[in-house]
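A.B. asks: This is the structure I have questions about; it appears just below.
The values are calculated or read from the model by the stated rules, or taken from the named source; none is laboratory data. Note that the coordinates shown come from a computational prediction; the quantities given were computed from them, not determined experimentally. Positions of Cβ are backbone-derived with ideal geometry, glycine not excepted, and every protein chain shown enters the neighbour counts.
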Amino acid sequence: MNNKKNGAMMSVLGKSAMMAKVLYEKNYTKFTLFDDNRDINEAHVEALAKSMKKSGQLMPIIANGNREVMDGQHRLKACELLNIPVAYVVTIGGTSKQIALINNTQKGWRTQDYLKHYSHKNHSNSAEYKKIILFFKEYKLLFSVGMCLLSGNLNNGRRWDMGVITSFKEGSFKIKNLESAQTTAAQLLKFKSFVPNLVQIVKFCIAFVKVSNIKGFNLELAYNQIKKNSNKFEKCVNQEDWIEAFVDAYNYKLVTKGKQGHKRISIRKEGF
């Protein structure tokens, strides 16, 4: 839906039908960047500048009534680098809370972009995202593994992320049990020192959590047995396979007699 008014193009953006004008500005200082937006990627700015030099600015930036940039901070910097006017759209009522939604229409956000955005004081759930940042800073685990632990969604390895990633990207993610996640993360880091490839697999991590709750489970023994018998996981497909493989690796050639003996563990059907 487009029409002319006062010599400027009028556009409708978003479901709320906010009116906007396409304008041009050479004074870059009139624009302000939100401090909870993602960081500027200089390589991306240079790539955009190279493209603009050939084809011009194909997409205007989006700013609110105060000329705070909602979308297009990299395009703004590219225009500044080329010393050319910035084409921009003024959208009425835009706030920093809409940045993540709008920005993803151009260049998808990375994990760290969401963390920076939602950990800012502008967001009501910022405290939760600050905890997530500290968690990954302390426990160097794969993002999917860490989020699986923080969400406490360990019931099904294949669908552990159902709703988790969506809520994370929307800014509504809640940690289920931070202390439990920290304990498990610390234990997984020890596995990571000798079977790093396995710790990067969510199903292995879920299997560890499940098996560690079996009566008679010994953590130090598990470290030794998994280190020696990691080949037991080579043919695993579904979550049940990973749990069974963990138990098989734990029990394999286990000494059960004498002072140095250990009890074998077995899978209980209930809860698995």
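A.B. asks: Could you grab me the full set of residues in region 118-144 that are in a loop (DSSP other than H, G, I, E, B) and of a type in the set (A, V, I, L, M)? Don't jump to the end; show me each part of the working.
C.D. replies: Step one: of region 118-144, the residues in a loop (DSSP other than H, G, I, E, B) are 119-125, 139-142.
The answer is 141, 142.
A.B. asks: Output the qualifying pairs, or none if there are none: Cβ atoms under 7 angstrom, residues six or more apart or on different chains, first residue in region 41-63 and within 16 Å of residue 89 (Cβ to Cβ), second residue aromatic (Phe, Trp, Tyr) and part of a strand (DSSP E or B).
C.D. replies: 60/88; 61/88; 63/88
A.B. asks: Next up: If you go through region 220-248 one residue at a time, how many are more than 17 Å from residue 154 (Cβ to Cβ) and either among the aromatic types (Phe, Trp, Tyr) or in contact with a Ser or Thr (Cβ under 7 Å, 6 or more places away or on another chain) (or both)?
C.D. replies: Going through region 220-248 one residue at a time, the tally reaches 2.
A.B. asks: When you scan region 64-80, how many residues do you find that are in contact with a Gly (Cβ under 8 Å, 6 or more places away or on another chain) and touching a residue at least 40 places away in the same chain (Cβ under 8 Å)?
C.D. replies: Residues flagged as in contact with a Gly (Cβ under 8 Å, 6 or more places away or on another chain) and touching a residue at least 40 places away in the same chain (Cβ under 8 Å) within region 64-80 amount to 0.
A.B. asks: Six or more apart or on different chains, Cβ atoms under 6 Å: show the pairs whose first residue is in region 170-189 and within 15 Å of residue 139 (Cβ to Cβ) and whose second is hydroxyl-bearing (Ser, Thr, Tyr) and at pLDDT 95 or above.
C.D. replies: The qualifying pairs are 185/139.
A.B. asks: Among the residues of region 213-229, what is the count of those that are farther than 22 Å from residue 160 by Cβ and assigned to a helix (DSSP H, G or I)? Let's see the steps before the verdict.
C.D. replies: Taking region 213-229 and keeping what is farther than 22 Å from residue 160 by Cβ, we get 215-216, 218-221, 223-225, 227-229.
Among the residues that remain, those that are also assigned to a helix (DSSP H, G or I) are: 219-221, 223-225, 227-228.
Qualifying residue count for the region: 8.
A.B. asks: Taking into account only those residues within region 227-243 that are closer than 14 Å to residue 202 by Cβ and surrounded by 18 or more Cβ atoms within 10 Å (Cβ to Cβ), which is modelled with the lowest pLDDT?
C.D. replies: Taking the candidates together, the pick is 239.
A.B. asks: OK, next. Keeping to region 35-73, report how many residues are over 18 Å from residue 112 (Cβ atoms) and crowded, with 20+ Cβ neighbours inside 10 Å.
C.D. replies: Of all residues in region 35-73, those over 18 Å from residue 112 (Cβ atoms) come to 46-72.
With the extra rule that they be crowded, with 20+ Cβ neighbours inside 10 Å, the set shrinks to 48, 57, 60-64, 69-72.
Matching residues across region 35-73 total 11.
A.B. asks: While we're looking at this one, here's another question. Please determine, by comparing only the residues of region 6-40 that are in a loop (DSSP other than H, G, I, E, B), farther than 21 Å from residue 58 by Cα and not basic (Lys, Arg), which one is modelled with the lowest pLDDT. Steps first, please.
C.D. replies: In the first step, residues of region 6-40 are kept if they are in a loop (DSSP other than H, G, I, E, B); the result is 6-7, 14-17, 26-27, 31, 34-40.
Next, only the ones that are farther than 21 Å from residue 58 by Cα stay: 6, 15-17, 34-39.
Remaining after also requiring not basic (Lys, Arg): 6, 16-17, 34-37, 39.
Numbers: 6: 34, 16: 42, 17: 38, 34: 83, 35: 83, 36: 81, 37: 80, 39: 84.
My answer is 6.
A.B. asks: Another question about this same structure. Exactly one condition in (1) in contact with an Asp or Glu (Cβ under 9 Å, 6 or more places away or on another chain); (2) outside the structural domain of residue 152 (by TED's automatic domain parsing) is false for residue 235; which is it?
C.D. replies: Condition not satisfied by residue 235: (2).
A.B. asks: Hey, another quick one. Any idea which of 203, 263, 215 is farther than 24 Å from residue 139 by Cβ, surrounded by 13 or more Cβ atoms within 10 Å (Cβ to Cβ) and touching a residue at least 40 places away in the same chain (Cβ under 8 Å)? Steps first, answer last, please.
C.D. replies: Working: 203 fails: farther than 24 Å from residue 139 by Cβ; 215 fails: surrounded by 13 or more Cβ atoms within 10 Å (Cβ to Cβ).
Criteria check complete, one pass: 263.
A.B. asks: Here is a list of conditions, (1) closer than 18 Å to residue 83 by Cβ; (2) over 30 Å from the mean Cα position of the chain (by Cα), and residue 42 meets all of them except one; can you say which number that is?
C.D. replies: Every condition holds for residue 42 apart from (2).
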